[in-house]
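One structure is given here, and the rest of the page talks about it.
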Amino acid sequence: MDDFAVDLARRTMKELGGNRPVGAPELAGVAKLLLLAGHVSPTQMLTLGALTLLEEERTWYTALHKDPARTPAVVEELLRHITVKQFGLIRRATRDTVIGGVVIGEGQWVICSLRAGAYAPHGRPADYRFDPLGHQGDHLAFGHGPHQCLGQSLSRVILEAGLTVLARGLPGLHLAAGRQLVPFRDSKTVYGVESLPVAW
């Protein structure tokens, strides 16, 4: 992977004229980061999304089969409802800050829960329900402000296309084993499942 990425970076730089401020190793590192982030996270999210729809929100899986136009709203709600960043995002405070009555000093590190950020501090029961029509994508799955994920558009395309194809092509899709037998990636940075046994 490293040799391929560096070779691709060198060839690309040569085609562009070679006079670029970024060296081949740095460009290769960026390419690898985008490739991994654009493949691993969306793939795991697609699998978790399918699992959620098949096991917990079957009505919405059926709705996608009947009306693929609902897919974007369902994807946004899946992004609000579940996350592959199970350990959250690590950030460092640039100044003294108070959040929810807790003082975070300048220079202190904090772990931000993406899923918790989708809910009000004293949320109503309705806030926690899976409701693609009621929540309209109010989540932090791709970060916020200057820290937004560069690959969010690609991720949305992967999720929307994948769920549309599944729901339209396999309306009878279901788990072939109980959820308790699904092997989850509990200790990995990117949460998901190792495999998802299904039948139709």
Single match in Val103, Val110 (criterion: farther than 28 Å from Lys188 by Cβ and out of contact with any Ser or Thr (no Cβ under 6 Å at 6 or more places or on another chain)): Val103
Any hit, the range 120-130, residues being within 18 Å of the chain's Cα centre (by Cα), of a type in the set (Phe, Trp, Tyr) and at pLDDT 80 or above: yes
Breaking point among (1) free of Cβ contacts under 8 Å to residues at least 24 places away in the same chain; (2) under 16 Å from the mean Cα position of the chain (by Cα), for Ala69: (2)
Residue among Leu114, Leu159, Leu163, Leu150 that alone is of a type in the set (A, V, I, L, M), assigned to a helix (DSSP H, G or I) and out of contact with any Pro (no Cβ under 7 Å at 6 or more places or on another chain): Leu163
Matching residues in the range 172-200 - criterion: being assigned to a loop (DSSP other than H, G, I, E, B) and within 24 Å of Ile90 (Cβ to Cβ): Arg185, Asp186, Ser187, Lys188, Thr189, Val190, Tyr191, Gly192
The listed residue being buried (at least 16 other Cβ atoms within 10 Å of the Cβ), of a type outside the set (Lys, Arg) and closer than 30 Å to Asp7 by Cα, out of Leu48, Leu114, Leu27, Leu79: Leu27
Residue within the range 186-199 that is surrounded by 11 or more Cβ atoms within 10 Å (Cβ to Cβ), closer than 21 Å to Met45 by Cα, under 15 Å from the mean Cα position of the chain (by Cα) and small (Gly, Ala, Ser) present: yes
Among (1) at pLDDT 90 or above; (2) outside any loop (DSSP other than H, G, I, E, B); (3) not hydroxyl-bearing (Ser, Thr, Tyr) - the single one Gly134 does not satisfy: (1)
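The values are calculated or read from the model by the stated rules, or taken from the named source; none is laboratory data. In this text the structure is predicted, and so the values were computed from the model without any measurement. Neighbour counts run over all protein chains shown; Cβ positions are idealised from the backbone, glycine included.
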